[in-house]
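Scroll down for the structure; my scribbles are underneath it.
The values are calculated or read from the model by the stated rules, or taken from the named source; none is laboratory data. Just so it is clear, the model here is predicted, and its values are computed rather than measured. Cβ placement follows ideal geometry from the backbone for every residue including glycine, while neighbour counts extend to all protein chains displayed.
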Amino acid sequence: MPIKNLEYKDFSWDLHEKAGHKPIVAQMELTYRCPLHCKHCYADCYNRRETIKYELSTEEIKNILNKCKKDGVLWFCFTGGDPLIRKDFAEIYSYARELGFIVTVFTSLIPLNQKILETFRKNPPFGIETTLNAASFLKYKEITNTNYFRKQIEVIKKLLKNNLPVKVKTQITRQNVGQIDKIKKTVESFGLKFRPSTMIYARLNQDTFPCNLRLKPEEVVRIDKNYGYFEEEELRKPQEKYELKKLIGTPKTDKLLSCAAGGNAFWISPQGIMSICNCLKKPEYDLVKDGNTVKEGFYKLSKEVHSMRFTTNSRCRSCRYRLICRWCPGRAYLEKGSFEEPIDYFCQLTEQTIKEYAD
């Protein structure tokens, strides 16, 4: 009998469905340090040299990788900050590949050196994702507070020349919305797909400055409609259409969470602290501690976050649009200091989305 070929996306969805409620996807922030200081970045508040003293050692990270392997994690993403900025990145990455993980790396690409390039060439990752938010030197400098525009372009080309799997994302803000077509042209000149995102959140220390860079709701809807919104495209099952009307209706539960958090993915901080979501950092679980396991932490955290209920008369509690709104308790906590507080911007965005799509 011939072996049936299976597209990766189909394989991935099939495996996620069969896994059910199990921890099979991990994202680890190896560091909050990054050579860029993007004004919209939710982690730039911790992008300081002094944070290095709080980061895990090489051996502590390997120990966490061992725990992930033992408890069935298959996909592993190294992110940050910029994970490549760590001097031991090549060693950590190689160890993860040896353990058999499907590895993705999120990076600015600026710290890429010959050693890391050779490591990638010898044992390629599943994907290398970077963000390009400008099509000119001056705009890039305005956004990142650095002069690395030409270097990032050169590194993207170098990786592609070496047949490495590169994806380029673009964060659209008030700073660069005027360059969107030029950025698209630049990305497509590499032979890559333009992948924009319009969502911006408060920083991990609850600094709301990035929220000032959000586009107007009507601009978000226009851009999502005309250019695509890569998060929705990649997270949605290929054979399913996004049917807005079916998701409109008064929620039948007081549960705070209405998303897939705790389904089969989790996050690990540079200090080895496990959480269910990159925005929802509480509750937490210490993966460094001897005897603590990925499975124990995952199920403990999942139970805690999914037992969270509304305790106030927040208008989000009974909002008939909650299932299509980009509000969530984690984002509310970062921006408002409360898991239940509405975010007016998301209300306006949802109304604009319904106006555009629901007819």
Inset, instruction - Within the stretch 250-282, track down each residue that is over 27 Å from residue 51 (Cβ atoms), surrounded by 21 or more Cβ atoms within 10 Å (Cβ to Cβ) and touching a strand residue (DSSP E or B) at 6+ places or on another chain (Cβ under 8 Å). - result: 256, 264
Legend entry - Residue pairs meeting the criteria (Cβ under 8 Å; at least 6 apart or on separate chains; first under 21 Å from residue 210 (Cα atoms), in the stretch 129-158; second at pLDDT below 95 and β-branched (Val, Ile, Thr)): none
Legend entry - Only one of 297, 263 that is touching a His at 6+ places or on another chain (Cβ under 8 Å) and under 17 Å from residue 23 (Cβ atoms): 263
Inset, instruction - Considering each of 119, 173, 198 in turn, give the residue that is touching a residue at least 60 places away in the same chain (Cβ under 8 Å) and either under 20 Å from residue 97 (Cα atoms) or touching a helix residue (DSSP H, G or I) at 6+ places or on another chain (Cβ under 9 Å) (or both). - result: 173
Legend entry - Those residues of the stretch 46-63 which are surrounded by fewer than 19 Cβ atoms within 10 Å (Cβ to Cβ), at pLDDT 95 or above and either of a type in the set (D, E, K, R) or assigned to a helix (DSSP H, G or I) (or both), in sequence order: 58, 59, 60, 62, 63
Legend entry - Those residues of the stretch 281-298 which are in contact with a helix residue (DSSP H, G or I) (Cβ under 7 Å, 6 or more places away or on another chain) and within 13 Å of residue 71 (Cα to Cα), in sequence order: 287, 293, 294
Inset, instruction - Would you check which residues across the stretch 102-124 are under 23 Å from residue 43 (Cβ atoms) and of a type outside the set (S, T, N, Q) and list them? - result: 103, 105, 106, 109, 110, 111, 112, 116
Legend entry - Filtered residues of the stretch 82-105 (kept if of a type in the set (A, V, I, L, M, F, W, C) and either surrounded by fewer than 22 Cβ atoms within 10 Å (Cβ to Cβ) or closer than 22 Å to residue 70 by Cα (or both)): 85, 89, 90, 92, 96, 99, 101, 102, 103, 105
Inset, instruction - State the number of residues belonging to the stretch 67-99 that are out of contact with any helix residue (DSSP H, G or I) (no Cβ under 6 Å at 6 or more places or on another chain) and part of a loop (DSSP other than H, G, I, E, B). - result: 8
Inset, instruction - Could you please tell me which pairs satisfy a Cβ distance under 8 Å, a separation of 6+ or placement on different chains, a first residue in the stretch 31-57 that is acidic (Asp, Glu), and a second residue that is at pLDDT 95 or above and surrounded by 19 or more Cβ atoms within 10 Å (Cβ to Cβ)? - result: 44/34; 44/38; 44/203; 55/30; 55/31; 55/86; 55/270
Inset, instruction - Only residues in the stretch 97-108 that are at pLDDT 95 or above count as the first member; pair them with residues that are charged (D, E, K, R) and in a strand (DSSP E or B), Cβ under 8 angstrom, at least 6 apart or cross-chain, and list the lot. - result: 104/129; 105/129; 106/129; 107/129
